[in-house]
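Beneath this line is the structure, given in structure tokens, with notes to follow.
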Amino acid sequence: MSEPKKLYIKTYGCQMNVYDSERMAETLGGQGYVETQSPDDADMILLNTCHIREKAAEKVYSELGRFKGLKAEKPDLKIGVAGCVAQAEGEEIMRRQPLVDLVVGPQSYHRLPEMEAKTREGAKALDTDFPEEDKFEKLKNRPKAKRGPTAFLTVQEGCDKFCAFCVVPYTRGAEVSRPVDRIVREAQDLVERGVREITLLGQNVNAYHGAGPNGDMTLAGLIWELNKVDGLERIRFTTSHPNDMADDLIEAHGTCEKLMPYLHLPVQSGSDRILKRMNRSHTAESYLRLIERIRAARPDIVMSGDFIVGFPEETDEDFQATMDLVEQIKYGYAYSFKYSTRPGTPAAERSQVDPGVADDRLQRLQGLITRHQREIQDAMVGRKVRVLFEKTGRLPGQMVGKSEYLHSVHVSDADVEIGALRDVLIIGSGANSLAGQLL
Ligand code: SAM
Ligand code: SF4
């Protein structure tokens, strides 16, 4: 038997890319590839890229440059670029970095086997189509090998919202939802392989409207279907848009036992003027009222969000409105970014905020978010949570898992296996995690 070929995949960006990387590795598995953790012994290197901010794209080019030596030593080594940089830059990548053999966009990676074969014949392969066929249908069934207790499952892709700062509608294309039965089958397969928690993914996951047995189903409908899957213990979903937070989804947060009390609901800014300029079509007030309704349905829910500071024309007053909103909501987690100009998006043409001012605002916002994060975490001390154990810790005998609120919890001298779900008393709170004791 011939030696398996080795594939090294490096993933940048969001969880959807993590899911795509898994699927790409699986599909190349059919071509005799096994994954390796090091580029040094790889026969193929694939960078699954992110284009959301300028730095993310530049990182890809500098990483590619580092493979020059490897390629010189091993001329048969194939180097590919996948993901949103591949989609946005296409052939330009091969022009800028001639060592690249293959460029594949996020909607055409089911064609990787043929593309890989083409590169083995010495040709370059490029595919950044938005094909008619459903890539998930074309991908091979997922292998049956055992895996860890948590998994991502993409249920929706693309976005029709066109926020003025964002490249996603251009790189991932129009919004598409996968049919309910395919998702349920994939979830059942994952559970058979040892998965107990599934995070449903989509750029706009709560806009989900996949075909069900009696017409289109909402995300809440899909969650209720998954709630019936035996052996699946926890359901999460990300990322949501405030405008698509439908009543049935809010209600599910109060009534669906497997749906976890954590919600990532980006708002981007607390200033109505900026929200309008961002084309977000919600206001700070409507967002606050929405969170009130969500908290009424599930009072202990932990909120998470995304913010952009230094969006073109953002004034001190606009920024203060963001700080005020954060103060009112108190997020358990929040991700804040300095605005990054993306060529081709409407905001790129507008008058930019001074980078020093934007840096200062970012620091202030992150300071406030960290304070709330810490307060919410500290308030967990003395409470009983349920932990899904995911891995061993750094110290001997230590096990680490996640609470229903997504807090990382570590337990010392714990007699539990990976995949166990156990009640834990929280006894301490550190910078980024909680300490617990099995009950
Ligand atoms: N669909 C989600 C939503 O509408 O909230 C977000 C998807 S986007 C992949 C993740 C986050 O990246 C956004 O919420 C936004 O905060 C940030 N982001 C997107 N474009 C950006 C830009 N040009 N500069 C800085 N941050 C950006
Ligand atoms: Fe980007 Fe999200 Fe806006 Fe869509 S809704 S354009 S993915 S930020």
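Need the failing condition index for E121 against (1) assigned by the TED database to the domain that holds P266; (2) more than 30 Å from F311 (Cβ to Cβ); (3) surrounded by fewer than 17 Cβ atoms within 10 Å (Cβ to Cβ), just the number. Every condition holds for E121 apart from (1). Listed conditions (1) closer than 30 Å to P312 by Cβ; (2) buried (at least 21 other Cβ atoms within 10 Å of the Cβ) are all met by V195, apart from (1). Each residue in the stretch 405-437 was checked for being surrounded by fewer than 18 Cβ atoms within 10 Å (Cβ to Cβ) and either part of a loop (DSSP other than H, G, I, E, B) or touching a helix residue (DSSP H, G or I) at 6+ places or on another chain (Cβ under 7 Å) (or both), and 12 of them qualify. So, in the stretch 15-38, of the ones that are more than 18 Å from E186 (Cα to Cα) and crowded, with 19+ Cβ neighbours inside 10 Å, which residue ends up farthest from ligand 2 (Cβ to nearest atom)? This residue is Y33.
Would you confirm whether or not the stretch 182-199 contains a residue that is of a type in the set (S, T, Y), assigned to a loop (DSSP other than H, G, I, E, B) and either out of contact with any Pro (no Cβ under 7 Å at 6 or more places or on another chain) or more than 30 Å from V309 (Cβ to Cβ) (or both)? There is no residue in the stretch 182-199 that is of a type in the set (S, T, Y), assigned to a loop (DSSP other than H, G, I, E, B) and either out of contact with any Pro (no Cβ under 7 Å at 6 or more places or on another chain) or more than 30 Å from V309 (Cβ to Cβ) (or both). Of the residues making up the stretch 208-231, just one is closer than 10 Å to V180 by Cβ, under 23 Å from the mean Cα position of the chain (by Cα) and in a loop (DSSP other than H, G, I, E, B), namely Y208. None of Y339, Y405 is among the hydroxyl-bearing types (S, T, Y), touching a residue at least 40 places away in the same chain (Cβ under 8 Å) and in contact with a Gly (Cβ under 6 Å, 6 or more places away or on another chain) except Y339.
Cβ-Cβ distances below 6 Å connect the following pairs, each with a first residue in the stretch 45-69 that is over 20 Å from Y19 (Cβ atoms), a second residue that is away from ligand 1 (no atom under 11 Å from the Cβ) and part of a strand (DSSP E or B), and a separation of six or more residues or different chains: F67/I79.
When R289, R277 are checked against the criterion of being in contact (Cβ under 8 Å) with a residue 40 or more places away in the chain, in the same structural domain as T150 (by the TED database) and not β-branched (V, I, T), R277 stands alone in meeting it.
For the stretch 250-269, a residue qualifies if it is away from ligand 2 (no atom under 16 Å from the Cβ) and either buried (at least 21 other Cβ atoms within 10 Å of the Cβ) or under 17 Å from the mean Cα position of the chain (by Cα) (or both), and the qualifying residues are A252, H253, L259, M260, Y262.
The values are calculated or read from the model by the stated rules, or taken from the named source; none is laboratory data. Note that this is a predicted model, so its numbers are computed, not measured. Please note: Cβ atoms are built from the backbone with ideal geometry, for glycine as well, and neighbour counts cover all protein chains shown.
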